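Participant: Quick one: this structure, given as structure tokens, is what I'll be asking you about.
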Amino acid sequence: MSTRVALDAWLAATVDAATEFASTTLDSTLDSDAAIGNLPMDLTECFVALVGEEGSLQIGLAADAAGCQTLAKALFASEDDLPDEDVSDALGEIANIIAGGVKKRMATTQQPLALGLPIVMEGHLRLTERQQIAQTDVMLGQVPTRLLIVCNKDQPASKHVTA
Amino acid sequence: MKKLLIVDDSKAMRMIVRRALRQANLGEHQVDEATNGEEALQKLRGGPFDLVLADWNMPQMNGIDLPKAVRSEGMSVNFGFVTSEGTDDIRDLAMQSGAQFLIVKPFTPEALHDALKPLGLA
């Protein structure tokens, strides 16, 4: 089976974990079938690494600035706009929770994985030839959000589905 | 009044735990916060707490070292982890460290209530 299918399994686990996060923490929903227009190229992205002995992959989410502000305000239960540091903190926590959910869901098929620290960045993600990405756009509450998996093409983490 | 200490380096997560505590029908309680294990240890030295709710991965002193440090100083306090680390291995480590429970993020107020009930805190 192709690496593409394997990555899609990780992405499915990510969508599942994000759905659980939306319902339990935001008291909201995740709609993976919503009609979402093109997200802008430059987004604010947050990644958390899942690191194993044989490699690592990045679990990420991305949204535009207004969307990040909305997610952060929902997490902080705040009606006022939040400073950048609080938005970054909130995005990091969301990514951390989702990555933890992915780790739990993929635990039976993987070597032990450790969670890395959240990294928040702005701009357009650029991959090298050795890297691959799987992504899907969803509505996280009212926020158009991109969920992403990034890993090297040749690492075992991208090949665990071998049926 | 029950006195609780939330230990997490994320302000957002401390806010989430505070909100869940409010929604978990715990009755009257007072909540204090620390951003890492060292700061938590200092607050615990300053007076008795009924419960520590700590993250697992934190700078300076991480969650797993905190209950050991508390015990080594002869202090006694109920201890629970609120963490994204939900595997069986992590759960075993948490219990071995002296924690009474581990709640995996994301969690509901009901899960928090259910964890605190056996400790007489809900």
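Participant: Take the conditions within 11 Å of another protein chain (Cβ to nearest Cβ) and of a type outside the set (F, W, Y) and apply them to A:L43. Does it pass?
Facilitator: Criteria not met by A:L43.
Participant: Further question on the same structure: Check segment B:38-54 and report whether any residue there is surrounded by 19 or more Cβ atoms within 10 Å (Cβ to Cβ), out of contact with any His (no Cβ under 9 Å at 6 or more places or on another chain) and among the acidic types (D, E).
Facilitator: Scanning segment B:38-54 turns up no residue that is surrounded by 19 or more Cβ atoms within 10 Å (Cβ to Cβ), out of contact with any His (no Cβ under 9 Å at 6 or more places or on another chain) and among the acidic types (D, E).
Participant: Looking only at segment B:86-104, count how many residues are under 19 Å from B:K68 (Cα atoms) and over 11 Å from the mean Cα position of the chain (by Cα).
Facilitator: Matching residues across segment B:86-104 total 10.
Participant: Under the condition of being of a type outside the set (A, V, I, L, M) and under 20 Å from A:D89 (Cα atoms), which residue from segment A:29-46 is surrounded by the most Cβ atoms within 10 Å (Cβ to Cβ)?
Facilitator: Among residues in segment A:29-46 that are of a type outside the set (A, V, I, L, M) and under 20 Å from A:D89 (Cα atoms), the one surrounded by the most Cβ atoms within 10 Å (Cβ to Cβ) is A:C46.
Participant: Hey, another quick one. For segment A:69-99, which positions are away from chain B (no Cβ under 12 Å) and either assigned to a helix (DSSP H, G or I) or surrounded by 19 or more Cβ atoms within 10 Å (Cβ to Cβ) (or both)?
Facilitator: Correct list: A:Q69, A:T70, A:D84.
Participant: Consider A:A6 carefully, then state whether it is modelled with pLDDT under 95, crowded, with 17+ Cβ neighbours inside 10 Å and outside any strand (DSSP E or B).
Facilitator: When the stated conditions are applied, A:A6 passes them.
Participant: Return the pairs, sorted by first residue and then second, in which the second residue is surrounded by fewer than 18 Cβ atoms within 10 Å (Cβ to Cβ) and part of a strand (DSSP E or B), the first residue lies in segment A:17-33 and is more than 9 Å from chain B (Cβ to nearest Cβ) and touching a residue at least 12 places away in the same chain (Cβ under 8 Å), the beta carbons are less than 8 Å apart, and the residues are 6+ apart or on different chains.
Facilitator: Cβ pairs passing all conditions: A:S32/A:T136.
Participant: Examine segment A:119-136 for a residue that is of a type in the set (V, I, T), within 14 Å of another protein chain (Cβ to nearest Cβ) and over 15 Å from the mean Cα position of the chain (by Cα), and state whether such a residue exists.
Facilitator: So far as segment A:119-136 goes, no, none of its residues is of a type in the set (V, I, T), within 14 Å of another protein chain (Cβ to nearest Cβ) and over 15 Å from the mean Cα position of the chain (by Cα).
Participant: Any chance segment A:88-110 includes a residue that's hydrophobic (A, V, I, L, M, F, W, C) and touching a Cys at 6+ places or on another chain (Cβ under 6 Å)?
Facilitator: yes
Participant: With respect to the numbered conditions (1) more than 21 Å from B:N57 (Cβ to Cβ); (2) of a type in the set (D, E, K, R); (3) facing another protein chain (nearest Cβ under 9 Å), which one is the sole condition not fulfilled by A:K103?
Facilitator: In the conditions (1) more than 21 Å from B:N57 (Cβ to Cβ); (2) of a type in the set (D, E, K, R); (3) facing another protein chain (nearest Cβ under 9 Å), A:K103 misses (1) alone.
The values are calculated or read from the model by the stated rules, or taken from the named source; none is laboratory data. Quick caveat: nothing in here was measured; it's all calculated off a predicted structure. Reconstructed Cβ throughout: ideal geometry from the backbone, glycine too, with neighbour counts over all protein chains shown.
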